[in-house]
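Before any comments, here is the structure.
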């Protein structure tokens, strides 16, 4: 047995290792204190059941970290009333592992969310940005309007960007986070439009699954198709015969990769999410 009298605590329909649940509670404390307080309540309930003073202290420390009213109960005796020892000490939290902390929402302190309204509320825009940074461009489709257009189409297909989100709003988000410099464009009307020309206009009328190598008059059709698949595989997986598939070219039975979902949790270096956290659940 570890530090506590129970190694498992039931929380959100799952059995959590006690220390992992405490760790998760501390990581949520600053941005999602309501989650931390809920976890603390589960810890305190378990502390009563198992008569575990250590678990009681852990629950109180979580409450304090979440900004709830101070749990400190002073000694009101005349002898102790003025003693410095009669003041609450700072709670001792867990030692956060940097490799894990880098992956959780609290680690992203500098993100500016002023234009994030283009995304569905279930999505973490900062994770989308990091993923787009890692999508490879090609000689034919370098990072620019063509590249971001393909990303826009896939984000619409998987409904991470609602259908009512305009291309201009999306391009403002891209311009802001990827430092494209489009606000310096002399023609402001075109600054936040894709302005597809020539045979590329055919892409507008086709679902990305129908982009073929011969869709356009040049070999660009192939490059648009491959880039669209790269974006799709970056953000989603396919569920095929009940199994998760990473490298399928199909646009059917898509399931969101959970690291992009606000409702996902990192447990033992793996992301997990309840069914309601997904936009695409593999159906």
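The values are calculated or read from the model by the stated rules, or taken from the named source; none is laboratory data. All values derive from a computational prediction rather than experimental measurement. Virtual Cβ from ideal backbone geometry, glycine too; neighbours counted across all protein chains shown.
Scanning the range 190-211 for residues being in contact with a helix residue (DSSP H, G or I) (Cβ under 6 Å, 6 or more places away or on another chain) and closer than 13 Å to residue 227 by Cα gives a total of 2. When residue 253 is tested against (1) surrounded by fewer than 17 Cβ atoms within 10 Å (Cβ to Cβ); (2) on the phi > 0 side of the Ramachandran plot; (3) touching a residue at least 24 places away in the same chain (Cβ under 8 Å), only condition (1) is not met.
Only one entry of 58, 41 meets the criterion of being assigned to a helix (DSSP H, G or I) and either modelled with pLDDT under 90 or closer than 18 Å to residue 7 by Cβ (or both), and that entry is 58. Take the conditions (1) crowded, with 16+ Cβ neighbours inside 10 Å; (2) without any contact (Cβ under 8 Å) to a residue 24 or more places away in the chain; residue 41 misses just one of them, which is (1).
Residues checked against (1) in a loop (DSSP other than H, G, I, E, B); (2) farther than 21 Å from residue 146 by Cα:
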{"residue": "212", "(1), (2)": "yes, no"}
{"residue": "215", "(1), (2)": "yes, no"}
{"residue": "225", "(1), (2)": "no, no"}
{"residue": "233", "(1), (2)": "no, no"}
{"residue": "239", "(1), (2)": "no, yes"}
{"residue": "247", "(1), (2)": "yes, yes"}
{"residue": "250", "(1), (2)": "yes, yes"}
{"residue": "259", "(1), (2)": "no, yes"}
{"residue": "266", "(1), (2)": "no, yes"}
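Within the range 128-138, track down each residue that is surrounded by fewer than 20 Cβ atoms within 10 Å (Cβ to Cβ) and either in contact with a strand residue (DSSP E or B) (Cβ under 7 Å, 6 or more places away or on another chain) or assigned to a helix (DSSP H, G or I) (or both). I'd like the intermediate steps shown before the answer.
At the first step, the residues of the range 128-138 found to be surrounded by fewer than 20 Cβ atoms within 10 Å (Cβ to Cβ) are 129-138.
Result: 129, 130, 131, 132, 133, 134.
Checked against (1) more than 14 Å from residue 236 (Cβ to Cβ); (2) part of a helix (DSSP H, G or I), residue 141 passes all but condition (2). Considering only the range 160-182, I want to know if a residue exists there that is in contact (Cβ under 8 Å) with a residue 60 or more places away in the chain and within 19 Å of residue 251 (Cα to Cα). Yes, the range 160-182 contains at least one residue that is in contact (Cβ under 8 Å) with a residue 60 or more places away in the chain and within 19 Å of residue 251 (Cα to Cα).
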